1. Please count how many residues of segment 72-112 are among the hydroxyl-bearing types (Ser, Thr, Tyr) and in a strand (DSSP E or B).
2. Only one of (1) closer than 30 Å to Leu158 by Cβ; (2) of a type in the set (A, V, I, L, M, F, W, C); (3) surrounded by fewer than 23 Cβ atoms within 10 Å (Cβ to Cβ) fails for Leu326. Which number is that?
3. Between a first residue in segment 38-65 that is over 21 Å from Phe118 (Cα atoms) and among the basic types (Lys, Arg) and a second residue that is at pLDDT 95 or above and crowded, with 18+ Cβ neighbours inside 10 Å, which pairs have beta carbons less than 8 Å apart while being 6 or more apart in sequence or on different chains?
4. If you go through segment 396-403 one residue at a time, do you hit one that is buried (at least 16 other Cβ atoms within 10 Å of the Cβ), touching a helix residue (DSSP H, G or I) at 6+ places or on another chain (Cβ under 7 Å) and closer than 14 Å to Tyr128 by Cβ?
5. Given the conditions (1) farther than 19 Å from Glu361 by Cα; (2) surrounded by 21 or more Cβ atoms within 10 Å (Cβ to Cβ), and given that Pro261 satisfies all but one, which numbered condition is not satisfied?
6. Any idea which of Ala178, Ala171 is under 17 Å from Gly24 (Cα atoms), small (Gly, Ala, Ser), touching a residue at least 12 places away in the same chain (Cβ under 8 Å) and open to solvent by 40 Å² or more (accessible area, probe 1.4 Å)?
7. For segment 37-48, state whether one or more residues are within 18 Å of the chain's Cα centre (by Cα) and small (Gly, Ala, Ser).
8. Go through segment 12-46 and give me each residue that's open to solvent by less than 50 Å² (accessible area, probe 1.4 Å), hydrophobic (A, V, I, L, M, F, W, C) and over 24 Å from Val99 (Cβ atoms).
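The values are calculated or read from the model by the stated rules, or taken from the named source; none is laboratory data. Being a predicted model, the structure only gives us computed values, none of them experimental. Glycine also receives a Cβ, built like all others from the backbone with ideal geometry; neighbour counts cover every protein chain displayed. Surface areas here come from the heavy atoms of the whole protein model, side chains and all, with no ligands, DNA or RNA. Shrake-Rupley method; radii C 1.70, N 1.55, O 1.52, S 1.80 Å.
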Amino acid sequence: MRLELHEVVIRRIEWGDRTGAWNGVLTVNREEAAAEVAKDERFASVRLDLAHPGEKVRIIPVKDVVEPRVKLARSGEPLGYFPGFFAPAGTAGKGLTLVLRGAAVVTCGPIVAFQEGFIDMSGPGAAYTPFSETANLVLTVEPDPRLTKHAYEEALRLAGLRLAVYLATAARNVTPDAISVYEKGNVTDEAIRLPDLPRVLHICMAITQGLLHDTFVHGGDMKASLPVLLHPNEVLDGAVVSGNCVSACDKNTTWHHQNDPVVRALYRRHGEDLNFLGVVVTPEDVRLAGKERAASMNAALAESLGATGVIITEEGYGNPDTDLCLNAKQMERRGIRTVIIADEAAGTDGASQGLADSTPEIAAFVSTGNVNEMIEVPAMERVLGYPEAIALLSGGAPESLRSDGSMFVELQSVIGSTCELGAGRWGCAEF
């Protein structure tokens with residue numbers, strides 16, 4: 001399977017008479033883009049704003065972040081994107097994809113209150129999120145008041161995906177600044193070609209707890225699914241979409257899946273010092289029986305593929321910590337060496353147990369940070385969305401928002417701050 005990402009670098013977004021990209025600038029016809037979103041009649045109002053790195057801008061509360069992309073035929077004709085949503089099945093992972101690298105669509109609106117978060121484009125809060133470094137087109141919508149929360153989430157999720165495809169489609173004739181090629185054979189062929197290298201599998205735990213804690217693979221809701229093995233190209237090409245409202249710090253946005261750092265890191269080493277087998281996207285069930293079933297199936301998949309090592313990543317904390325432990329236990333008991341990537345909820349002083357569950361089989365743990373760490377962020381000149389939402393966000397409280405506009409919050413209220421795919425910007429080493 002061969003995937004070509006034709007990357008157009010975007011440094012700035014500006015309003016213009018037509019939507020397209022020139023010399024690192026993405027111009028957007030504001031009215032036309034808003035009309036694209038308003039095709040869904042479930043919105044009472046649609047608002048588009050711009051936010052750039054270094055600006056004194058806060059975006060709150062954020063639902064999802066999406067990188068603008070579109071599949072292209074060799075003739076340059078657009079084929080849509082996100083299979084099961086705006087592209088046919090079977091399109092992810094192969095062929096040519098146009099990527100507007102450095103641009104992002106940020107969807108904003110209160111859906112489940114405490115399980116959304118904020119992005120600061122400057123100041124100390126900006127250091128914790130990758131989206132302070134992207135040029136952001138911010139979509140804020142007011143739902144039809146008759147909508148249920150589930151219908152509102154679906155409408156806003158689809159609007160973000162639709163807007164991302166619209167932007168990339170408008171830039172389809174631009175000469176790319178770079179072309180990244182991802183190519184890997186099937187498991188059997190690669191085992192023959194690389195007989196002496198350790199075989200590594202990525203187990204990607206995804207929120208699938210219902211009540212708006214959902215992840216979609218090829219358009220299907222994973223909470224009704226068993227673990228599924230994907231070619232890594234599919235993950236990097238829009239097969240996995242976030243539909244979740246999990247705490248902001250470790251919400252794997254659609255952007256995170258499109259740029260999964262574990263997949264990219266393993267791909268770089270594939271054929272050099274390891275054989276990258278693929279990615280298993282596995283549900284995080286709320287029931288113990290469901291957790292045990294998924295962990296057992298993941299281990300059986302790893303064993304049948306001949307994996308000698310796995311990297312397990314988590315989404316969320318608390319309830320999913322049991323999935324994490326069960327997966328590690330099943331793997332290690334089969335002799336498959338296991339590395340965990342997860343964050344910790346260790347209290348504001350960092351002195352509490354980091355995970356809500358534990359097992360002695362966890363022998364290698366990479367921490368992406370303590371979600372309870374307190375940070376102070378200054379007032380911003382512009383706030384896109386609803387600043388009062390901080391009172392309800394996980395990591396916030398009614399007293400978090402001060403009269404001068406500054407905030408004192410836990411790190412978990414910042415989108416992507418402790419991303420458990422390892423996409424964070426902070427780290428440490430202990431020797």
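1. Going through segment 72-112, the residues among the hydroxyl-bearing types (Ser, Thr, Tyr) turn out to be 75, 81, 91, 97, 107.
Pick out the ones that are also in a strand (DSSP E or B) and you get 81, 97, 107.
Going through segment 72-112 one residue at a time, the tally reaches 3.
2. For Leu326, the failing item is (1).
3. Close Cβ pairs satisfying both conditions: Lys39/Arg162.
4. Initial filter on segment 396-403 (buried (at least 16 other Cβ atoms within 10 Å of the Cβ)): 396, 400-401.
Pick out the ones that are also touching a helix residue (DSSP H, G or I) at 6+ places or on another chain (Cβ under 7 Å) and you get 396, 400-401.
Then keep just the ones that are closer than 14 Å to Tyr128 by Cβ; that gives none.
Checked against the condition, which is being buried (at least 16 other Cβ atoms within 10 Å of the Cβ), touching a helix residue (DSSP H, G or I) at 6+ places or on another chain (Cβ under 7 Å) and closer than 14 Å to Tyr128 by Cβ, segment 396-403 yields no hits at all.
5. (2)
6. Working: Ala171 fails: open to solvent by 40 Å² or more (accessible area, probe 1.4 Å).
After applying the criteria, what remains is Ala178.
7. To start, the set of residues in segment 37-48 that are within 18 Å of the chain's Cα centre (by Cα) comprises none.
No, segment 37-48 has no match at all.
8. Residues satisfying the conditions are Phe43, Val46.
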